[in-house]
Structures are given as C-alpha cells and as structure tokens.
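Participant: I am attaching a structure below and will ask some questions about it afterwards.
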Amino acid sequence: MKSPLTNCVLLATVLLGLCAPLHAKDTILPTTPPESLNKHIRLAADGETILLGRGTYDLDMSILDKSLTIVGVSQKDTIIRNINRSHSIRGKANDKMTVTFEHVTFTQKPRAKASGVHIVNADTVFRHCTFFELHSSSPSISSFATGAAIRMTNSTTLVEHCWFESNYLRISSADSMYASGGAIEAYESDLTILDSDFLDNKVLCLLSADRTSSGEAHVRASGGAVSSFGSKLTVEGTTFEANGIECYVSRHDDTIVELEADGGAIYIERTSETLRLKPRITNCLFRGNDVYVTTNTMNYGSDRWSTTGGALCINVDDIPIFTLVDTCTFQDNQLHGAWNGGAIWGLPDNDSQLHIRNCEFICNSQQQVMQGGMVEVNNYYEDCNGQQEPAEGPEPEEEPEPEEEPEIEEGPCLYDLNGDGVVDQVDRRRVSSAIRRGNHDGPEDVNGDGQVDWDDMNLIRDNYGECP
C-alpha cells in the first residue's frame with residue numbers, strides 16, 4: 001500500500017503536467033465543446049496538431065505566422081463556425097506558413113457579420129471538409145463581396161474531397177455592385193480542387209436602379225461557385241450542380257444599367273500580361289448551373305447587358321490564355337434570356353486557345369460552346385430532343401462522331417461498371433448517362449434502391465480506386 005507521502009508526490013506530478021507549457025509535439029484535445037477555439041489556437045505552438053472532439057467550436061480570430069493542423073472527428077460531428085468576422089489565415093509574404101483542416105464542417109452563426117475563410121500569403125489544405133450555408137451580404141452605395149466560403153490572395157490552396165453547399169454572396173445597392181465566387185474566389189493564387197462537390201452555391205444581385213445618384217448603375221457578377229483571377233487553377237474529378245448567378249433589376253425611371261453576369265459555375269480571368277496561366281478542368285461534371293437575369297423593364301436604347309457561360313466562362317480580355325477542358329460532361333446548363341454559351345463561353349481572342357476534348361454536351365441552352373481560337377477533339381453534342389448537333393464555332397480538328405452506348409458489364413467489384421478493375425470517373429459518367437436516359441434497371445443503380453440518381457454518383461466517387 002502506498003504511503004500518504006507517495007500519493008501526494010504523484011498528485012503533484014499530475015498537476016505539474018497539466019500546467020506544463022505547450023510545445024510543437026503536443027496535441028490539444030478539447031473534450032467539452034461547444035467552446036471557443038480561439039484560446040487553443042493562441043496557445044498552440046508552430047507546427048502543432050489540434051484534435052477536436054464532437055461538437056461546435058466558435059472561431060473569431062486570425063491565425064498569424066503559425067503552421068497548424070486542425071483535425072475533427074468527422075464532417076458530421078465537428079463544426080467550426082464564425083461569429084463576427086471571417087477566419088483569417090495570414091502569413092508573411094516571403095515566409096509562408098501551412099494551415100491544414102481535416103474532417104470538419106465550416107458554417108456560420110446566425111446574424112454573423114462575415115463568413116468563410118480569408119487566406120493571405122499562406123499555404124492551406126482542406127481535406128474532407130464541408131462548407132455549408134456561409135454567406136456574405138454587402139448593402140451599400142458601392143457593394144463588394146467575394147468568396148463566401150474561401151477567399152484567397154497570393155496563396156496556395158488544396159481542396160480535396162470537400163463539399164460546398166448553399167453558400168452565397170448577396171449584393172444590393174444603387175450605383176455599383178461587384179460579387180465574385182459564390183463559394184471560392186482565388187486572386188493571383190494557386191488553387192487545386194480534387195474530387196469535390198459544389199451544390200447550389202450562388203451569387204445574388206438585387207438592384208433598385210431608381211435609387212441611383214448618378215443616373216447609372218453598374219453590376220458585375222461572376223463565378224456562381226468558383227472565380228479565378230490571375231490564378232493557376234486545376235480542377236479534377238469534381239461535380240458542379242445547380243450553382244449560378246441570379247440578378248434582379250427593379251427600375252421605374254430612365255436609369256442606365258450596365259450589367260455583366262458570367263460563369264454559372266466557374267469564371268476564369270487573367271490579371272496581368274506577365275502571367276502564363278494554363279487552367280486545367282478535367283473529369284468533371286457540370287449539371288444544372290445557370291445565369292439568370294430579369295428586370296421589370298428594359299431600356300433597350302441605353303442598357304448594356306451581357307450574360308455568358310451557363311457553366312464556364314473564360315474572359316481573356318485581350319490577354320492570351322490557354323485553357324484545357326478534358327473528359328467533362330456539361331448537361332442542362334442554362335442562360336436565361338440572352339446571349340451565348342449555354343455551357344462554355346470565352347471571349348474571342350485569336351491568340352487564346354480553348355482546347356475541349358472528349359467531352360459531352362447535353363441539352364445546354366443557347367449555343368452550347370462559343371469561343372474564338374477554339375480547338376475541339378472527339379466531343380459529343382446532343383440537343384434536348386436527343387438529336388446530335390454539330391459543334392458551334394470554328395471547325396474542329398477532328399470531326400466528332402456519335403458515341404455508341406457501350407454495354408454495361410459487371411466488373412470485379414460493385415462500383416466498377418466498365419470492368420477495367422478501377423473505379424473512376426469513367427464509371428461515374430456511366431451513371432450520368434443512365435440518369436439522362438431514365439434507365440433505372442441496370443447495374444448503374446449501385447445502391448439498389450430502384451433509382452439511378454445522385455446517390456449512386458456519390459457512391460462511385462467515394463469508392464474511387466483499384467478493386468480489391
């Protein structure tokens with residue numbers, strides 16, 4: 001039996017351990033959420049990992065000049081929410097830090113004044129994260145809003161296996177409005193998005209033109225899900241569904257309205273002639289994205305309206321740019337009311353090239369693809385009646401031929417629909433084709449519920465890899 005003195009020594013040792021300072025090798029384990037995450041970030045040493053428990057953590061501070069890894073239990077069980085300002089991650093221009101978030105959901109406290117994560121001069125990684133119902137509103141004479149979920153400047157960000165749903169920017173003013181990136185805006189940065197989903201992210205514009213002080217109103221809205229300005233952009237294996245731009249103009253006088261609404265899902269623009277950017281968008285699905293503009297009255301003699309790119313808009317603005325879109329499906333993307341490029345639009349610059357290859361274009365509105373300097377290889381076009389139609393724009397290098405629907409064969413595992421031993425985007429496209437055909441009886445119904453739908457699409461994505 002231990003003596004009373006021994007017990008006192010043991011107790012003192014434990015207490016001293018609890019009060020010991022934190023070092024980079026230490027791990028913080030909050031166990032009684034909900035609570036503020038601020039104090040744990042302040043106490044954490046550079047390079048430390050913070051493990052979060054189940055519950056909700058409020059974050060209302062900046063992470064400055066410190067590399068951290070913050071890991072939750074799961075996206076469902078660990079919530080990080082802002083209170084009065086964005087979660088700011090800021091590093092030094094010539095000495096970048098790295099901040100990683102895994103298995104958490106970012107959301108917004110009711111009536112919060114700002115939303116999302118603002119990244120400046122930092123490297124960041126988001127893996128298995130959800131960004132849900134983050135929004136930013138800016139009512140003023142000059143209204144400005146960007147990146148409801150993530151805003152990044154001079155930074156490098158990897159987004160992998162993440163879910164962005166119902167994030168939005170809302171701008172309303174009288175004279176000047178600008179909104180970009182319903183979910184993400186990247187400015188002169190490096191953004192990579194892998195195997196993620198963007199659902200119902202929006203840029204919303206509400207303009208009361210009668211209240212202008214100058215007799216003119218200027219509105220620019222771009223990128224319902226993602227906007228990229230002067231940034232290296234790579235997007236692979238990602239789904240964009242039901243994202244868009246919605247602008248409503250109310251006018252009862254002679255106010256002149258200049259409005260640009262571009263890129264229901266993605267908007268790309270270069271910012272400097274010195275930049276040599278090559279955006280890459282591969283193995284992606286764009287479905288049901290749109291650009292919608294409506295007004296109670298149109299001043300046809302004076303108004304200047306432009307709506308382009310129901311899914312994707314590339315604005316070269318006289319600066320050459322090379323863009324590759326490969327092995328993607330564009331279906332049911334819409335421009336409402338005007339202009340061209342129901343799926344893809346790029347401003348016609350002869351020095352720019354938009355390479356589109358191995359893609360499907362199904363039932364997109366207006367002219368499905370419009371761009372100067374376009375090169376097409378092995379694409380498939382189909383109108384809303386199931387009829388094949390020719391490509392819009394310049395003659396393709398190779399004449400596209402209708403793809404025959406291959407027979408579906410059982411692969412070596414449940415989700416391998418084409419039998420090549422790998423579950424990948426090819427199998428996911430088989431499910432997309434089955435949804436389009438209304439076929440609910442084949443092996444595309446991988447969850448066996450009698451319907452081929454987005455649940456089956458997501459199951460295949462979640463099981464990417466070689467069959468066991």
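Participant: For segment 427-440: of the residues being of a type outside the set (A, V, I, L, M) and at pLDDT 75 or above, which is nearest to Tyr380 (Cα to Cα)?
Facilitator: Residues of segment 427-440 of a type outside the set (A, V, I, L, M): 427-430, 432-433, 436-440.
Those left that are additionally at pLDDT 75 or above: 427, 430.
Numbers: Asp427: 18, Arg430: 15 Å.
Step by step, filter segment 427-440, then rank; the result is Arg430.
Participant: Restricting to segment 278-293, what's the tally of residues that are in contact with a Cys (Cβ under 8 Å, 6 or more places away or on another chain) and of a type in the set (Lys, Arg)? If you could, list the steps in order and put the result at the bottom.
Facilitator: At the first step, the residues of segment 278-293 found to be in contact with a Cys (Cβ under 8 Å, 6 or more places away or on another chain) are 281-286, 292-293.
Now restrict to residues that are of a type in the set (Lys, Arg): none.
Total satisfying the criteria: 0.
Listed here are the residues, each with its yes/no results for (1) open to solvent by less than 20 Å² (accessible area, probe 1.4 Å); (2) modelled with pLDDT of 75 or more.
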{"site": "Thr308", "(1), (2)": "yes, yes"}
{"site": "Asp318", "(1), (2)": "no, no"}
{"site": "Asp326", "(1), (2)": "no, yes"}
{"site": "Asn378", "(1), (2)": "no, yes"}
{"site": "Glu401", "(1), (2)": "no, no"}
{"site": "Glu404", "(1), (2)": "no, no"}
{"site": "Glu410", "(1), (2)": "no, no"}
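Participant: Let me ask something else. Within segment 18-36, is there a residue that is at pLDDT 75 or above and outside any strand (DSSP E or B)? Break it down stepwise before answering.
Facilitator: Our first condition is that a residue be at pLDDT 75 or above; within segment 18-36, this holds for 36.
Subset that is outside any strand (DSSP E or B): none.
Taking every residue of segment 18-36 in turn, none turns out to be at pLDDT 75 or above and outside any strand (DSSP E or B).
Participant: Let me ask something else about it. Of the numbered conditions (1) under 18 Å from Leu324 (Cβ atoms); (2) at pLDDT below 75; (3) in contact with a Gly (Cβ under 9 Å, 6 or more places away or on another chain), Asp424 fails exactly one; give the number of that condition.
Facilitator: Answer for Asp424: the failing condition is (1).
Participant: Separate question: What residue, among those in segment 90-106 that are surrounded by fewer than 19 Cβ atoms within 10 Å (Cβ to Cβ) and modelled with pLDDT under 90, is nearest to the chain's Cα centre (by Cα)?
Facilitator: Going through the qualifying residues, I end up with Arg90.
Participant: Further, regarding this structure: Cβ contacts < 6 Å: first residue at pLDDT below 85, restricted to segment 144-156; second residue of a type in the set (A, V, I, L, M) and not in a loop (DSSP other than H, G, I, E, B), any location; separation 6+ or different chain. Result?
Facilitator: Cβ pairs passing all conditions: Ala145/Leu169; Ala145/Ile171; Ala145/Ala179; Gly147/Ile184.
Participant: Of all residues in segment 180-198, which are part of a loop (DSSP other than H, G, I, E, B) and either open to solvent by 10 Å² or more (accessible area, probe 1.4 Å) or within 11 Å of Leu233 (Cα to Cα) (or both)? Don't jump to the end; show me each part of the working.
Facilitator: As a first pass, look at segment 180-198 and keep what is part of a loop (DSSP other than H, G, I, E, B): 181-183, 188-189, 195-196.
Once the filter is applied, which keeps residues that are part of a loop (DSSP other than H, G, I, E, B) and either open to solvent by 10 Å² or more (accessible area, probe 1.4 Å) or within 11 Å of Leu233 (Cα to Cα) (or both), segment 180-198 yields Glu188, Ser189, Asp195.
The values are calculated or read from the model by the stated rules, or taken from the named source; none is laboratory data. Bear in mind the structure is a predicted one, so any value in this text is a computation, not a measurement. Neighbour counts run over all protein chains shown; Cβ positions are idealised from the backbone, glycine included. The protein model used for the area step is the full one, side chains on, heavy atoms only, and it has no ligands, DNA or RNA in it. Shrake-Rupley method; radii C 1.70, N 1.55, O 1.52, S 1.80 Å.
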